[in-house]
Structures are given as C-alpha cells and as structure tokens.
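Trainee: Structure in structure tokens, see below.
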Ligand code: LLP
C-alpha cells in the first residue's frame, strides 16, 4: 500500500490536545521556542524501531549502520546499543564512531581513496573489516597489517554491473563507477587473487553497494545472482570459499504521502530465496549476509523545524513561504530534486487550504525546500513549519553557506528533549580564522 503522511513521520508523532505536532512526547512548538530554529528533532524510538525491524527481517545477518547518513555521536551510540555495527567512510567518521565507543571489531572502513594514515589507524585500532576498493588498497592494507604484525580482515568491494533505479548521483553499482572493482571487467577476480597472495590479509567477504534510496526489489535480487556467480567463479578458478556477502545499504524510505518504498519482509524473503537458490545452483555454501543501511534507520526518525518568515504571493503564479533555513541544513532538494512533505506544527489539525512553495533563506533561486505543498490557508510569519524525513543526509550534509550557523540536533525520548549537537554560534563560525596578517 502507498504510504500516508503518518508513515513519513517518526513513529511517536501525533497531534496533541493543543493541535500541535508532538514527537517523542515533546510538543514541537515548545521545542522550537526553547531551542530555536532551524532545529533537527531526532526521535530515538523511531531509530530503535527500525533497528529492530531490520534485525527481525534478517535475524542471521551482520547488520551495520552507515554512519554517513547521520554521524552524530549519540546516534552512533544508539546504533551500538541496538547491537548494530557501524560502517565508516572517512577518518572523521571513524573518529566519531571510536569516540562513541562503538567496538572497533564491529566497524567497517570504506572509501575509494583512503589516506595511508586512515588505513594505518584502522589496522592499529583493530577494525573488524576494511573494505578494499582497488588494488592500491589491497597493497596498502597488507603493508599496514605487516607493519602492525597482524592479519587484517578485508572485504573486496566489487561493482556488479547493476543499475539501481534511483537518482544518477547516488547510483553506484554500474561498472563505470569510481567505486570498487568491476566483476564484468575482470578486475574483481584479479583483486581476489591479489588479496589472497598476502599472508597478512584475510579475505572474509565481498561487498557491493548498488545505490541509495532504491524503491524496487529486482536490483537487489539481481545483485545476489551476480555476486553468487562471482563467488562460484572464485571457487572454481582459485579454490577459495568466501564466507560473507555484504549487500551494502540502499533501502528507500517514504518521504511524501503516496511513496511506495520497499517492504522489508518481502525484500528479506527475496534475498534469502535467491541466495538459497543460487548457492544450490552453483553447489557452494550459502555465505553469511551483511547489510549496512543508513537512510532506512535514521531517515524517518527526524523532522526539521523552521520558523516561517516572509510569505510572498505572486498573483496568479505562486506563493513563496520563506523559512529560516534551507539548503544549508538540507541540500537534498537542490542536489537530487528530492521531494519532502511539510506541515505547520502549530496548526496540525488545520486542513491544507492553499498550495505554496517553501523556500530557504539562502541567496540562490535553487534554494527551494518543498515545491507545491498544501498548507493551511492561514500560514503566516511565526508559524512553525515541520519537514519530516530529514534524518538521513540532512545534518550530515549541512554546510555553513552564507555563514549560516549549523542547526542544533535535539534527541527526543519520553517527553524530554536532549541537545545532542549544539547550535553553532556566530563566534563558532570564525573559530578557525585569523585576521589578515
Ligand atoms: N554502504 C555504502 C558503501 C555506501 O556508500 C552507502 C551510501 C551506504 C552503505 C548507505 O546507503 P543508504 O542505506 O543510506 O542508502 N547523500 C545521498 C546518499 C548518498 C549515499 C552514499 N552511500 C542522499 O542524500 O540521498
């Protein structure tokens, strides 16, 4: 069934007696007044619910949270508390996950151009997996492991040649990609051979991430088929059995009413059946599966609150409702033409009465958050506008464009709000700078 606005909002969202949007037991209008706007509101219960749904769908799999979607320390701690590992894709994310006390053994380091120092640190702290992305990585991880006097478990990132039906900027499975070693072009097989030649490397698995915000099942089934064909080839050609297949992340989520994202139970069934069938067909053991979604876990856990400022009606054309944030706190509409819902948190029971376009405060015409959305006809300065489903790649891709201080993140739980990332001040904006010498 297509989703409704309720599915887009956090699981604890409701309209309270005052007619206000409530999340995590907190009145969002009170949150806006107390913490200021723009404000990211993160609902702990939604994250925990999604983590448990994931575990329920894949009881035997290794599950990781892709930190890049929302790498706040408290969120990484929540991931660990829910028994998830963490996938990190940079020195900064690795640093944050270590600071959050995620056990290093439950972390995977990704990246198509890892710095030497990051590889050395990953080996030194005992990262559970390093996903080698190219031949360079294989040689450098092997050298770092030799230097540290230990063996390092690696995954070989491959590109299966699957085109996921999503925005081209977030497709990654096709052969012509900066990520991974192409199976089709023979690079993946050479990679296995090269890794196997090093005593200091333990090739525990292969990894493929075909894209992000995927709304259909078939690319995942197709990926399993291609990866298992490859595993069978590896076994035939090199006599090696690979134990783990990491299918990356990529699960789509509902952003607006009417979205029709993947059902986790159906996806799990398809993957399990395809894996069984392909393993049997090739007479190879069924490898352990691993997943590392980001968006699925955090996307619907957050709403962003803004204050409405200027309302400008261009007769016969369009009404712009401008808010106090925009592309600095959510670049996704500008970058991917991403669609979002919007509602007035202080008038949550009022029916939509006019169609408006929600614009940000930045100096760009492209700084539009939501195009053509129905809001109460009474929309005016001072209203609190809530944009749901901003938990993935909102905070993590925030910028200081126009010297906009980055917004605070508050975590809500059982009627209490906790600042997990404080708002930047104007002083913070200049903290790294020196005057003209
Ligand atoms: N694993 C790997 C290796 C990845 O590259 C990614 C995302 C994930 C897991 C998590 O994917 P997810 O489950 O969140 O789809 N900024 C874009 C998304 C870029 C995703 C990059 N890699 C956006 O805002 O849509």
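Trainee: Where residues in the range 108-146 are within 14 Å of the ligand (Cβ to nearest atom) and free of Cβ contacts under 8 Å to residues at least 40 places away in the same chain, which of them is surrounded by the most Cβ atoms within 10 Å (Cβ to Cβ)?
Mentor: In this case the residue turns out to be 109.
Trainee: Within the range 117-147, which residues are under 19 Å from residue 248 (Cβ atoms) and outside any strand (DSSP E or B)?
Mentor: 122, 127, 128, 133, 134, 137, listed by residue number.
Trainee: Hand me the list of strands (runs of 3 or more DSSP E) wholly inside the range 259-343 holding 3 or more residues that are more than 16 Å from the ligand (Cβ to nearest atom). If you could, list the steps in order and put the result at the bottom.
Mentor: Numbers: elements: 288-291, 302-314, 318-323.
The strands (runs of 3 or more DSSP E) meeting that bar are 302-314, 318-323.
Trainee: May I ask you to list the residues in the range 198-242 that are touching a helix residue (DSSP H, G or I) at 6+ places or on another chain (Cβ under 9 Å) and assigned to a loop (DSSP other than H, G, I, E, B)?
Mentor: 198, 199, 200, 208, 210, 212, 213, 217, 240, 241, 242
Trainee: Is at least one residue of the range 61-72 closer than 16 Å to residue 412 by Cα and in contact with a helix residue (DSSP H, G or I) (Cβ under 9 Å, 6 or more places away or on another chain)?
Mentor: yes
Trainee: Out of all the residues in the range 369-400, which are surrounded by 16 or more Cβ atoms within 10 Å (Cβ to Cβ), away from the ligand (no atom under 16 Å from the Cβ) and not in a strand (DSSP E or B)?
Mentor: 376, 379, 383
Trainee: Return only the number of the condition from (1) at negative phi; (2) touching a helix residue (DSSP H, G or I) at 6+ places or on another chain (Cβ under 7 Å); (3) in a loop (DSSP other than H, G, I, E, B); (4) crowded, with 19+ Cβ neighbours inside 10 Å that residue 406 does not satisfy.
Mentor: (2)
Trainee: Moving on to the next point. Any residue in the range 381-407 that is within 17 Å of residue 357 (Cα to Cα) sitting within a Cβ distance under 7 Å of a residue that is within 16 Å of the ligand (Cβ to nearest atom) and part of a strand (DSSP E or B)? List the pairs, counting only those 6 or more apart or interchain.
Mentor: If the second residue must be within 16 Å of the ligand (Cβ to nearest atom) and part of a strand (DSSP E or B), the pairs left are 387/304; 387/369; 387/370.
Trainee: Looking at residue 41, is it touching a residue at least 12 places away in the same chain (Cβ under 8 Å) and either over 17 Å from residue 420 (Cα atoms) or within 16 Å of the ligand (Cβ to nearest atom) (or both)?
Mentor: no
Trainee: Suppose the filter is away from the ligand (no atom under 14 Å from the Cβ), without any contact (Cβ under 8 Å) to a residue 24 or more places away in the chain and either over 18 Å from residue 273 (Cα atoms) or in the same structural domain as residue 69 (by TED's automatic domain parsing) (or both); does residue 229 pass it?
Mentor: no
Trainee: With 99, 51 as the choices, which residue is away from the ligand (no atom under 16 Å from the Cβ), surrounded by fewer than 23 Cβ atoms within 10 Å (Cβ to Cβ) and over 23 Å from residue 341 (Cβ atoms)?
Mentor: Sole residue among the options that is away from the ligand (no atom under 16 Å from the Cβ), surrounded by fewer than 23 Cβ atoms within 10 Å (Cβ to Cβ) and over 23 Å from residue 341 (Cβ atoms): 99.
Trainee: Another question, then. Name the residues in the range 249-258 that are within 16 Å of the ligand (Cβ to nearest atom) and assigned to a loop (DSSP other than H, G, I, E, B), would you? Walk me through it before giving the result.
Mentor: Filtering the range 249-258 for residues within 16 Å of the ligand (Cβ to nearest atom) gives 249-256.
249, 250, 252, 253, 254, 255, 256, listed by residue number.
Trainee: List, please: which pairs have Cβ atoms under 7 Å, are six or more places apart or on different chains, and start with a residue in the range 234-252 that is in the same structural domain as residue 288 (by TED's automatic domain parsing) and at positive phi and end with one that is at pLDDT 95 or above and away from the ligand (no atom under 16 Å from the Cβ)?
Mentor: If the second residue must be at pLDDT 95 or above and away from the ligand (no atom under 16 Å from the Cβ), no pairs are left.
The values are calculated or read from the model by the stated rules, or taken from the named source; none is laboratory data. Please read all numbers here as calculations on a predicted model, not as lab measurements. Cβ sites come from the backbone with ideal geometry, for glycine too, and all protein chains shown count toward neighbours.
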